[in-house]
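Each remark here refers to the structure printed beneath this line.
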Amino acid sequence: MRNTFRRRLAFILFASITIWVFLWYTHDLVKKLNKSNQKDCETIAWLWAGVQYPLSIVGDESGLMSCTVCGHPAQRTSSIIESESLFCSSCADTTLFIHTQRLLPNEQTRVINFTRGLFRELVNRLDFPTIFADKSNNPQIVNGEVIDGFPPDRIEEIKRRMDELASENDPIPIIAGVDTIGHLFYGISPLNTEMRLIPFLELALLLLIAAIVFMFLRSEVSRDRDLSWVGFARETAHQISTPLSSLMGWIELLKDDPDLSRISDLEDALIHMSADVDRLNSIAQRYGQMGRKPRLNPISIESTVAEVVAYFNTRKGLLGSGVVLELDQSKNEHIINGNSVLIGWVLENLIKNSVASCASTADGGIVTVSCEYAQSGAKEVEIRVSDNGRGIPYGDQGKIFQAGFTTRTGGWGLGLSLAKRIIEEYHNGYIRLLSSTPDVGTIFQILLPLKGGENSDNNTMGG
């Protein structure tokens with residue numbers, strides 16, 4: 001069992017490390033994608049800034065001066081002068097320069113429209129939003145579309161969108177020479193948004209897997225522990241059965257003694273001894289069938305309860321000093337599908353706990369077992385075991401049905417956990433601590449479905 005647990009633990013550690021490595025990898029991948037997006041935007045910004053000066057020259061209506069000898073250009077000094085004599089650095093002489101246009105108006109328009117169209121196609125290929133703005137952050141181009149002629153309300157909406165994009169990524173300055181001529185605002189692609197969620201989804205998945213594995217291991221440990229108790233119970237029953245058979249034989253021999261009738265006390269003692277041995281044999285058989293399917297038959301719950309109470313009352317040694325055990329049940333008979341041996345065992349455990357609680361007080365106490373039709377309106381019979389003993393501490397009341405929990409020295413803490421399994425798993429009933437107040441008393445409640453409701457033939461532990 002220990003080696004199995006270690007192997008499972010090693011597998012869990014390996015799986016956890018693998019998932020964490022994959023988590024780190026995807027997180028790093030998201031960072032790389034973000035950097036790639038930023039690179040794309042920086043490239044577009046640099047390219048856009050780089051063509052601004054050539055475009056400004058193309059769109060310059062003033063033109064320039066050209067040498068009439070070699071055609072070398074010179075800057076025009078006045079928009080009025082059409083020709084003048086200037087020094088030509090190419091000819092190394094003073095020549096006549098005349099005014100010429102860089103491009104004809106239709107050529108200028110064609111070049112500007114072509115350049116804008118090129119950038120529009122480039123930007124449209126991106127899967128994230130972009131806004132080009134001038135140095136005063138007035139929007140100029142949105143997702144490759146020039147916004148000339150947009151209405152004021154649309155411009156305000158674009159400006160709000162610029163603020164949103166600025167919160168997602170820092171705007172990239174567009175620098176021509178040494179001057180900042182504008183900014184490029186850009187957002188996050190849908191793919192990046194999805195990729196950003198992956199690490200969180202993986203973390204949630206890791207936690208879910210860890211929780212499932214933890215619950216699985218916990219149930220496995222609980223199952224192994226239950227199997228250990230089942231094996232222990234069966235072995236104990238096997239060991240007890242041999243001396244019990246011998247005791248039953250000796251009792252029968254004593255009953256056959258002809259002188260027995262002259263000793264009435266011995267005769268009564270043999271009767272009680274025979275009953276006790278039969279009960280021990282029943283208990284041994286009950287534990288010998290642990291882990292097997294119990295067979296449920298129609299039984300009178302009132303008769304089962306009465307038998308258990310009578311057993312305790314006819315053996316005063318089972319009751320502590322000053323402890324009184326009372327039975328309070330209706331005369332009506334209620335039939336359930338059940339196993340009288342298992343239900344009797346549950347009642348014995350509850351009564352023993354109540355007796356021990358009352359016996360620890362100075363004046364003893366009263367233990368009352370009641371059985372009647374449930375007042376809830378459901379087709380159920382209700383059994384209550386109540387006492388006025390020392391009660392259960394408030395801090396322990398939520399743990400009393402846990403296997404292994406006990407407040408008694410030398411106790412094994414299995415009685416109530418097995419009682420819960422017998423009532424709820426094998427009889428489709430319900431058992432709970434109805435109330436308990438320290439130094440006042442305790443009430444346990446059992447609800448069992450009447451025959452004619454759900455027929456339960458459940459199984460695991462027998463009797």
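The values are calculated or read from the model by the stated rules, or taken from the named source; none is laboratory data. Owing to the predicted nature of the structure, the values given are computational and were not obtained by experimental measurement. All Cβ positions, glycine included, derive from the backbone under ideal geometry; neighbour counts span all protein chains shown.
The table that follows gives values for the structure above.
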item	result
Selection status of Val341, in the same structural domain as Leu418 (by TED's automatic domain parsing), closer than 21 Å to Ile422 by Cβ and at pLDDT below 90	yes
Where a residue in the stretch 132-156 is among the hydroxyl-bearing types (Ser, Thr, Tyr) and its partner, wherever it lies, is in a strand (DSSP E or B), with Cβ under 9 Å and at least six apart	Ser136/Gly182
Residue list for the stretch 293-317, filter: over 48 Å from the mean Cα position of the chain (by Cα) and among the aliphatic types (A, V, I, L, M)	Ala310
Subset tally (residues that are acidic (Asp, Glu) and not in a strand (DSSP E or B)) for the stretch 321-335	1
Residue under evaluation Ile141, criteria (1) closer than 12 Å to His183 by Cα; (2) assigned to a loop (DSSP other than H, G, I, E, B), criterion not met	(2)
Residue check for Leu165: in the same structural domain as Asp127 (by TED's automatic domain parsing), closer than 20 Å to Leu126 by Cα and either outside any helix (DSSP H, G or I) or among the polar types (S, T, N, Q) (or both)	no
Cross-chain or 6+ apart pairs with Cβ under 8 Å, the stretch 78-93 first and in a loop (DSSP other than H, G, I, E, B), then small (Gly, Ala, Ser) and surrounded by 11 or more Cβ atoms within 10 Å (Cβ to Cβ)	Ser79/Ser62
Verdict on Ser330 being modelled with pLDDT of 90 or more, surrounded by fewer than 22 Cβ atoms within 10 Å (Cβ to Cβ) and more than 17 Å from Ile423 (Cα to Cα)	no
Any chance Thr460 is of a type in the set (Val, Ile, Thr) and at pLDDT below 90	yes
Conditions (1) at pLDDT below 75; (2) within 25 Å of the chain's Cα centre (by Cα); (3) loosely packed, with under 12 Cβ neighbours inside 10 Å: number failed by Ile12	(3)
Selected residue (criterion: farthest from Leu33 (Cα to Cα)) from residues of the stretch 163-186 that are at pLDDT 80 or above and crowded, with 18+ Cβ neighbours inside 10 Å	Gly182
